[in-house]
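> Take a look at this one; I'll ask things after.
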Amino acid sequence: MTQAGTGTPRERYRAQVRAEIKEHAREQIATAGASALSLNAIAKRMGMSGPALYRYFAGRDELITELVRDAYRSLADTFRAAAGSDADLAGLAHTMRSWALADPQRYFLVFGTPVPGYHAPADVTQIAAETMAVILDACAGP
């Protein structure tokens with residue numbers, strides 16, 4: 001995906017629609033949980049047909065993967081920033097709590113009940129490992 005303001009108008013529009021789809025998905029997850037995620041309901045809410053939405057995401061699992069990837073990236077970046085300010089293990093715990101309270105749906109998406117039939121790809125689990133590396137470094141101490 002291109003950075004905001006870069007790329008062709010078509011690429012910018014595609015990125016904007018994908019972001020809107022993800023926002024509606026997060027709202028739907030907040031209301032009914034990740035296992036009830038419905039691409040057709042999102043499409044209807046956006047005023048498009050179900051098949052039209054599949055031009056932006058190949059299916060439910062791809063959309064969930066993007067949401068999980070976004071959540072883990074957010075957490076990893078938050079941990080890295082806290083570790084950069086010399087947070088110890090207790091500080092990282094407070095950081096995680098604050099992150100979870102700020103956006104509980106993201107927290108539950110990655111740490112809550114697994115979504116039936118969904119398996120995260122390796123790159124997503126690699127991002128998750130980044131958060132664990134920060135925690136292990138904090139446990140090791142100076």
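The values are calculated or read from the model by the stated rules, or taken from the named source; none is laboratory data. Predicted model only: the values in this text are computed from it and were never measured. Counting neighbours? That spans all protein chains shown, and the Cβs are built from the backbone with ideal geometry, glycine included. Protein only, heavy atoms only, side chains kept; ligands, DNA and RNA dropped before computing areas. Shrake-Rupley method; radii C 1.70, N 1.55, O 1.52, S 1.80 Å.
> Measure off 7 Å from each Cα along the Cα-to-Cβ vector at Asp61 and Thr125, then give the distance between these two points in nanometres to one decimal.
Going from the Asp61 label point to the Thr125 one covers 1.4 nm.
> Oh, and also: Hey, rough spin-label estimate for Tyr118 and Asp86, points 7 angstrom out along Cα→Cβ, what's it come to in nanometres?
Between Tyr118 and Asp86, the label points sit 4.0 nm apart.
> Rounded to the nearest 10 degrees, what's the angle between the helix 9-32 long axis and the longest principal axis of the chain, both from Cα atoms, 0 to 90?
With rounding to tens, the tilt is 70 degrees.
> Now for a different question. May I ask for the net charge around Gln126, where only other residues with Cβ less than 12 Å from the Cβ of Gln126 are counted and Lys, Arg are +1 while Asp, Glu are -1?
Net charge around Gln126: 0.
> For Gln16 and Ala52, calculate 0.36 nm times their separation in residues minus their Cα-Cα distance, and state this gained length in nm to one decimal.
Roughly 11.5 nm would be gained on extension.
> Compute from the Cα atoms of the chain the Rg and the Dmax, the latter being the longest Cα-Cα distance, and quote both in angstrom.
For the chain, the Cα radius of gyration and maximum Cα-Cα distance read 17.0, 56 Å.
> What accessible area, in Å² to the nearest ten, does a 1.4 Å probe give for Met46?
About 40 Å², ignoring ligands and nucleic acids.
> Same structure again: What is the gain in length, in nm to one decimal, between Lys44 and Ala140 on full extension, counting 0.36 nm per residue of separation less the C-alpha to C-alpha distance?
Gain on extension, Lys44 to Ala140, equals 29.5 nm.
> According to a simple spin-label model (label point 7 Å from Cα along Cα-to-Cβ), what is the distance in nm between Leu101 and Ala133?
Computed distance between label sites Ala133 and Leu101 equals 2.9 nm.
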